[in-house]
Amino acid sequence: MLGINFFNIREDYKMLKHLKTPWLGCALAISFCLTTTAQAALASDDILVTDPATLEAMGFARDADNVYMAPGIALRDSLDSGPSPAVDPDIQAMLFPSGSTDYSPVSPKEFIGRVDTTGSQWLYSAGNGVELSRLGTERFADAQVEDLPNGGVLQFLRWWWSDNDPNSMMAVFLFEICQPDFAGGAITFTTVATDTSLDNPNGSAAISTAARPIDTQSCYYLARIRFDAATNLLRLQKVRLQFTHP
């Protein structure tokens, strides 16, 4: 083992982006470069997807220029294949040893209205891709955070937003929602973390969860976004929990 924690590398404040060479028509990114607008890190050998049919099959515009595939991925074959086999628990334990850092991200597409179930209150195509904006009168949208290990420890909630409205803002909440383990009982909501957006077209912030133990036997974890105005000037980009394995 090399002892390299790739998860912490991804958390570095200096985000990396492909160095593209459009004058050569090159679909292969050959190096990393720092940019002030980069919001994600892409491996230097990730390959730009240019085939319109492949892009369309994945749900992107046929002329999208920001979709990549990892090296060794037979993308066309995978689009027509069945689900991947389940991960062996023993192998998974080797991949995620006790105390190792991991992440559970939540896409804006996972959020639904706290009350509204028709989808008419929300816009999922605002901004660049799948950012979430409020259209109607409902202020809150919720999404469950999944793939959290029972007995692990929550460390941080980090979220990404676009706030171009000087008069309104967004807020994020993380709730731990619990009931008795093996009997009926009242539902309890515990706020584990909360934060508000600042005026920034590409903002991000990390909020400590005070090393809270993860309890998936009694509880589940719900992320909630509050939009203080119905405008595409307020857009949710991503929510992510950082935790350690038991």
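Consider the stretch 95-127. How many of its residues are assigned to a loop (DSSP other than H, G, I, E, B) and buried (at least 18 other Cβ atoms within 10 Å of the Cβ)? Working first, answer last.
Filtering the stretch 95-127 for residues assigned to a loop (DSSP other than H, G, I, E, B) gives 96-100, 107, 111, 114-121, 127.
Pick out the ones that are also buried (at least 18 other Cβ atoms within 10 Å of the Cβ) and you get 111, 121, 127.
Residues in the stretch 95-127 being assigned to a loop (DSSP other than H, G, I, E, B) and buried (at least 18 other Cβ atoms within 10 Å of the Cβ): 3 in total.
For every residue, the table says whether it meets (1) open to solvent by less than 40 Å² (accessible area, probe 1.4 Å); (2) closer than 28 Å to LEU157 by Cα; (3) modelled with pLDDT of 80 or more.
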| position | (1), (2), (3) |
| --- | --- |
| ILE30 | no, no, no |
| GLY59 | no, no, no |
| ALA70 | no, yes, no |
| LEU79 | no, no, no |
| VAL87 | no, yes, no |
| ALA93 | no, yes, no |
| GLY129 | no, yes, no |
| GLU138 | yes, yes, yes |
If we ask which residues in the stretch 187-214 are open to solvent by less than 50 Å² (accessible area, probe 1.4 Å) and part of a loop (DSSP other than H, G, I, E, B), their number turns out to be 2
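The values are calculated or read from the model by the stated rules, or taken from the named source; none is laboratory data. Keep in mind that what you see is a predicted model, and the values were worked out from it rather than measured. Don't worry about glycine lacking a Cβ; one is built from the backbone with ideal geometry, like all the others, and counts go over all protein chains shown. These accessible areas exclude ligands, DNA and RNA; they are computed on the full protein's heavy atoms, side chains included. Shrake-Rupley method; radii C 1.70, N 1.55, O 1.52, S 1.80 Å.
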